[in-house]
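The values are calculated or read from the model by the stated rules, or taken from the named source; none is laboratory data. Everything numeric here is computed off the predicted structure, so don't read it as measured data. Heads up, the Cβs are rebuilt from the backbone with ideal geometry, glycines too, and the neighbour counts pull from every protein chain shown.
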Amino acid sequence: MELTLIIKQTAELSHYILVYQKIRFSIYQMIKILEISLKENTIHKLKKYSKAPSRFTISRILEIPSSNEDLKGIQFVEKAVSHVKEKDYDFIEPPLQWAEAWDLSNWVMITAHVKDQLAGGCIVAYDTKGISILEERSDLTALWDIRVSSNFQRQGIGSQLFDCAVVWSKNHNCKIMNIETQNNNVPACHFYAQKGSALKSIDRFHYPDFPDEIQLIWQKKI
């Protein structure tokens, strides 16, 4: 796969133009990635961001061993669920609620566009009080959200968004990026592992409203 990365920076906005060749179809696809501050017009920006859905099909889960003291050696077992269902993160917690609950002035939104159409995006949280995944540290970020619309998946967009989040974190002198997901989001777990993240913690009782879900915190060292 051929990849060219062109970076043009301005005072408030960075443009990343990613050009890659699809091996299967031997054609070129242009992806424009924008880095957008959430200091101003936050609600308006989150409304646009949420136009890319954040939902997936739960057909398998990761079974977590009862003894998980040694996370480095932990081995997950995938298990098919008895009833396939859809999970929509935005239904559980709409993006607009983030602005109501926390100060997003230190956060960044990174969006991917294909032919001026929103293909996906991610949001990086940084240096914000009241968010446990940030551990009250200024040398750590959290990949708060990452999404790619279904018709743009399996084109490398999620991977490029993840990489841009890492670059943004590194530019803010951060050493670690934490990521939260659940044991029923098997594709996300595979994705984070493939991107070099390691499992940091497991919490079986983090979601009282969803007792069947287990919280998994992944950690990407920068």
Checking K45, K72, K32, K8 in turn, the sole residue that is modelled with pLDDT of 85 or more and out of contact with any Phe, Trp or Tyr (no Cβ under 8 Å at 6 or more places or on another chain) turns out to be K45
If we keep only residues of the range 83-111 that are polar (S, T, N, Q) and touching a Lys or Arg at 6+ places or on another chain (Cβ under 9 Å), then the residue farthest from I157 (Cα to Cα) is S105
When (1) of a type outside the set (V, I, T); (2) crowded, with 19+ Cβ neighbours inside 10 Å; (3) under 24 Å from L46 (Cβ atoms) are applied to D163, the one that fails is (2)
In the range 107-128, anything modelled with pLDDT under 95 and either of a type in the set (D, E, K, R) or out of contact with any helix residue (DSSP H, G or I) (no Cβ under 8 Å at 6 or more places or on another chain) (or both) is listed as H113, K115, D116, Q117
Residue count, the range 190-209, condition touching a residue at least 24 places away in the same chain (Cβ under 8 Å) and part of a loop (DSSP other than H, G, I, E, B), comes to 4
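Looking at the range 147-180, which of its residues are on the phi > 0 side of the Ramachandran plot and either in contact with a Gly (Cβ under 7 Å, 6 or more places away or on another chain) or of a type in the set (D, E, K, R) (or both)?
Across the range 147-180, the qualifying residue is only R154.
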Exactly one of L46, L104, L62 is in contact with a helix residue (DSSP H, G or I) (Cβ under 7 Å, 6 or more places away or on another chain), within 23 Å of W144 (Cβ to Cβ) and assigned to a strand (DSSP E or B), and that one is L62
Selection over the range 181-192 where residues are surrounded by fewer than 18 Cβ atoms within 10 Å (Cβ to Cβ) and either touching a strand residue (DSSP E or B) at 6+ places or on another chain (Cβ under 8 Å) or on the phi > 0 side of the Ramachandran plot (or both) yields a count of 1
